[in-house]
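Peer 1: My questions all concern the structure below.
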Amino acid sequence: MVVTLERVPVVAPAVALRGASVRFGERTLWDGLDLDVARGEFLAVLGPNGSGKTTLMRVLLGLLPLSGGEVRIAGSAPRRGNPTIGYVPQQKALDPDLPLRGRDLVGLGLDGHRLGLGLRGRRERRARVDAALASVGGTAYADSPVGRLSGGEQQRLRVAQALVGDPDVLLCDEPLLSLDLAHQRTVTDLIDARRRDHDTAVLFVTHEINPVLPLVDRVLYLVDGRFRIGPPEEVMTSEVLSELYGTDVDVLRVRDRLVVVGADGRGADGSSGAHH
Ligand SMILES: Nc1ncnc2c1ncn2[C@@H]1O[C@H](COP(=O)(O)OP(=O)(O)OP(=O)(O)O)[C@@H](O)[C@H]1O
């Protein structure tokens, strides 16, 4: 009998960190971070203010070198302007007089892509921007000045900008901040659809796990240089968070929401005693 071994393709993780550390002077933000994020995985990055969540995004975007260890993203070392990485920053109001239309903002996400400047390149560019605008329901304001749009509309355009380049990895830094519930839902649905349809890995920094809880595969929870990685049901427990914070923390499940109480008066969201 001839036994043929099925060939299983070896897929490199979307993000791989090995013994990663970041230090600023005497202060170690995190150290010994080992993490593989698989294609299509949704990783929520949680922790109080100053625990290094944004710093992790900066490392992955190639804006800050590690102090120690190794990092790979989408198969290579991080570098600025990597077109296979999409980035959705925090919601910030844009200057009302910014001379950019919706489609210009989205088109910035194609900078770094080699589409060429000829007619074909320009056509493809336009088609991609139109498709990205349509995917976020932004066609109606494609030609409006971005500064005049509502916060929710602006944030949808930022999501379109992050998706227009067909990213392998999507880095999101508190993209829901100051959005109302309906717009939060739109943004999370878009991001979830992207990772399901295209196997895009998502690293999602948030103070508030509940809006994304149904999507989260694993959590990276950072507190004062300590961290835990695992599925929400393993990490979001009174025992684990009390250990991380070094104080009594209660994690309550209220219907389908998690409420974190305690954490030295700052709560798991770093700002209050409770986490809704
Ligand atoms: N270039 C730098 N030099 C010195 N310290 C820095 C530098 N960048 C960040 N830090 C410090 O590192 C810490 C972590 O910052 P970071 O923005 O990553 O935290 P965060 O977890 O995203 O916080 P927040 O929830 O408030 O956004 C902060 O105390 C910050 O002041």
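Peer 1: Just to be sure, is ASP217 acidic (Asp, Glu) and modelled with pLDDT of 95 or more?
Peer 2: Values: acidic (Asp, Glu): yes; modelled with pLDDT of 95 or more: yes.
Yes, satisfied.
Conditions (1) hydroxyl-bearing (Ser, Thr, Tyr); (2) at pLDDT 95 or above; (3) more than 12 Å from the chain's Cα centre (by Cα); (4) within 30 Å of GLY137 (Cα to Cα), marked per residue:
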| residue | (1), (2), (3), (4) |
| --- | --- |
| THR186 | yes, no, yes, yes |
| ASN210 | no, no, yes, yes |
| ASP224 | no, no, yes, no |
| ASP248 | no, no, yes, no |
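Peer 1: I'm checking my understanding of the structure. Among residues of region 50-90 that are closer than 30 Å to GLY262 by Cβ and assigned to a loop (DSSP other than H, G, I, E, B), which one is modelled with the lowest pLDDT?
Peer 2: GLN90
Peer 1: Here is a follow-up. When the residues of region 130-158 are filtered to those that are of a type in the set (D, E, K, R) and farther than 17 Å from GLN184 by Cβ, which remaining residue is surrounded by the fewest Cβ atoms within 10 Å (Cβ to Cβ)? Walk me through how you get there before you give the answer.
Peer 2: Taking region 130-158 first, the residues of a type in the set (D, E, K, R) are 130, 143, 148, 153, 156, 158.
Right, trim to farther than 17 Å from GLN184 by Cβ and you get 130, 143, 148.
Details: ASP130: 15, ASP143: 10, ARG148: 13.
That would be ASP143.
Peer 1: Read through the list (1) closer than 26 Å to ALA160 by Cβ; (2) at pLDDT below 95; (3) crowded, with 16+ Cβ neighbours inside 10 Å, then give the number of the only condition that GLY47 fails.
Peer 2: The one condition GLY47 does not meet is (1).
Peer 1: Restricting attention to region 61-102, and to residues there that are within 12 Å of the ligand (Cβ to nearest atom) and touching a residue at least 12 places away in the same chain (Cβ under 8 Å), which single residue is nearest to the chain's Cα centre (by Cα)? Working first, answer last.
Peer 2: Start the filter on region 61-102 by keeping residues that are within 12 Å of the ligand (Cβ to nearest atom), which leaves 63-65, 67, 89-90.
The next check asks that each one be touching a residue at least 12 places away in the same chain (Cβ under 8 Å); those that pass are 63-64, 67, 89-90.
Numbers: LEU63: 16, LEU64: 17, SER67: 22, PRO89: 8, GLN90: 10 Å.
Going through the qualifying residues, I end up with PRO89.
Peer 1: Could you tell me which residue of region 17-27 is farthest from the chain's Cα centre (by Cα), considering only residues that are in contact (Cβ under 8 Å) with a residue 24 or more places away in the chain and more than 10 Å from the ligand (Cβ to nearest atom)? Outline the logic, then answer.
Peer 2: Within region 17-27, the first condition is being in contact (Cβ under 8 Å) with a residue 24 or more places away in the chain, and the residues that meet it are 17-23.
Now drop any that are not more than 10 Å from the ligand (Cβ to nearest atom), which leaves 17-21.
Details: LEU17: 16, ARG18: 20, GLY19: 21, ALA20: 19, SER21: 20 Å.
Looking at residues that are in contact (Cβ under 8 Å) with a residue 24 or more places away in the chain and more than 10 Å from the ligand (Cβ to nearest atom), I get GLY19.
Peer 1: Follow-up question, since we're still on this one. Looking for something crowded, with 17+ Cβ neighbours inside 10 Å and within 16 Å of the ligand (Cβ to nearest atom) - is there at least one such residue anywhere in region 159-172?
Peer 2: Among the residues of region 159-172, at least one is crowded, with 17+ Cβ neighbours inside 10 Å and within 16 Å of the ligand (Cβ to nearest atom), which makes the answer yes.
This table checks each residue for (1) polar (S, T, N, Q); (2) at pLDDT 90 or above; (3) in contact with a Gly (Cβ under 7 Å, 6 or more places away or on another chain); (4) farther than 22 Å from GLU41 by Cα.
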site	(1), (2), (3), (4)
PRO145	no, yes, no, yes
GLY152	no, no, no, yes
VAL202	no, yes, no, no
THR206	yes, yes, no, no
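The values are calculated or read from the model by the stated rules, or taken from the named source; none is laboratory data. Remember, it's a predicted structure, so these values are computed and weren't measured experimentally. When we count neighbours, we look across all protein chains shown, and the Cβ atoms used for this are built from the backbone with ideal geometry, even at glycine.
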